[in-house]
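The values are calculated or read from the model by the stated rules, or taken from the named source; none is laboratory data. Since we're looking at a predicted model, the values are computed, not measured. Note that we place each Cβ from the backbone using ideal geometry, even for glycine, and neighbour counts take in every protein chain shown. Quick note on the areas: whole protein, heavy atoms, side chains included, nothing else; ligands and nucleic acids left out. Shrake-Rupley method; radii C 1.70, N 1.55, O 1.52, S 1.80 Å.
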Amino acid sequence: MPGGPRDLSADQLGAILTEIGEEMSEREDRGRVASYIPELAGVDPARFGMALALPDGQVLSTGDAAVGFSIQSVSKVFALAIALGRLGDQLWDRVGREPSGNPFNSILQLEHENGIPRNPFINAGAIVVTDAILTGHPPKALLGEILDFIRDAAGDENIHINEAVARSETETGHLNMALAHFIAAHGNLRNPVEMVLGAYFHQCAIEMSCVQLARAGRFLIAAPGAPRIVSLARVRRINALMLTCGHYDASGDFAYRVGLPGKSGVGGGILAVAPGRAAIAVWSPGLNARGNSALGSEAMEMLAKRTGWSVFG
Ligand code: GLN
């Protein structure tokens, strides 16, 4: 069955996931677990989970799909949705919408571009987004709002921040501190650096399972039956940014190989969207050279091939 989207039954989709899970369990080369956040360094690289949520909320899954992991940069999708809701197009005065072609934590372009980060999904851009939604709210209230948004989207109250992970990054996140101070020096932060980073590190430390993440991603499917917590026009824009910027300097490769909007995190999670069909979450903590889940990226490619799902026809 090469190419072409297929209308697959839940049973068929479940069988595809089971096959992918089995193939992944045999892999020996699983990438390297992120160690620059010490609390993440001990996560077992043998883990693999995948879940697919249909618009109506039905979830199919395989492997460790019910095990919680640190969503890290996948949180940037939810923060962006909140920021666009609150600021609308004014957000784009402070952050761009172009792929960076650079690693997630790069500081290079910031100097040339006067402290305006390329896009909301690299660290620098996400720090500006967090600052934008922090204004007028104590950090605790903002984190509560981000959690409420995610819990609402997932229809699951049992989603929390892992304080140990947040603390671990607060103690070691020198590169992010450098980014934030650089942005502040260019006048593009409205709140104190420590406060913005505290909120940003806590937002990254949200823990979810693949099942919860796939369910939370349903608002991006834009199909009848899926939750409509963000307008259709905005969903399209968030998906466009996920496609062009969601995997940093591997965004082009992910678009080429998978053909679906996706957002990765250094915890090894990826959230992808098959518009009109499903939200898909995968987790495998070992990363490839670009800082994206190695097996997770491959699993998304397998799923796209076997379902024929693609935003490109
Ligand atoms: N909290 C991580 C950081 O800022 C998130 C990066 C990521 O997931 N790519 O370094």
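A few comments on the model shown:
- Computed on the Cα atoms alone, the convex hull of segment 48-108 gives a volume of 155 cubic angstrom per residue.
- At a probe radius of 1.4 angstrom, the accessible area of the chain per residue rounds to 40 square angstrom.
- Segment 154-174 residues near the modelled Glu194 label - backbone nitrogen below 14 Å, point 7 Å along Cα→Cβ: 170-171
- Straight-distance crosslink candidates among aspartates and glutamates, where the alpha carbon sits under 16 Å from Lys305 and sequence neighbours closer than 8 are dropped: Asp7, Glu19, Glu23, Asp253
- 20 °C / 1.002 mPa s Stokes-Einstein diffusion coefficient of segment 170-313, Kirkwood radius on C-alpha pairs, µm²/s: 131
- Projected over all directions and averaged, the alpha-carbon convex hull of segment 126-210 occupies 5.7 nm².
- Calculated P(r) tail over 26 Å for segment 41-181, as whole % of Cα pairs: 34
- Across segment 185-193, coupling constants 3J(HN,Hα) worked out from phi with the 6.51/-1.76/1.60 Karplus curve, θ = phi - 60°, read 4, 8, x, 9, 10, 9, 10, x, 3 Hz, and Gly and Pro carry x.
- Stokes-Einstein diffusion for the chain, with the hydrodynamic radius set to the Kirkwood value over Cα pairs and evaluated at 20 °C in a medium of 1.002 mPa s, equals 112 µm²/s.
- GNM result for the chain, Cα springs below 10 Å: residue of Gly259, Gly88, Gly217 fluctuating most strongly: Gly88
- Whole-percent carbon and sulfur share, accessible surface of the chain, 1.4 Å: 51
- Extension gain for Glu22-Thr172 works out to 50.3 nm (0.36 nm per residue, less the C-alpha to C-alpha distance).
- Relative contact order computed over the chain (Cα-Cα under 8 Å; 6+ residues apart), in percent: 29
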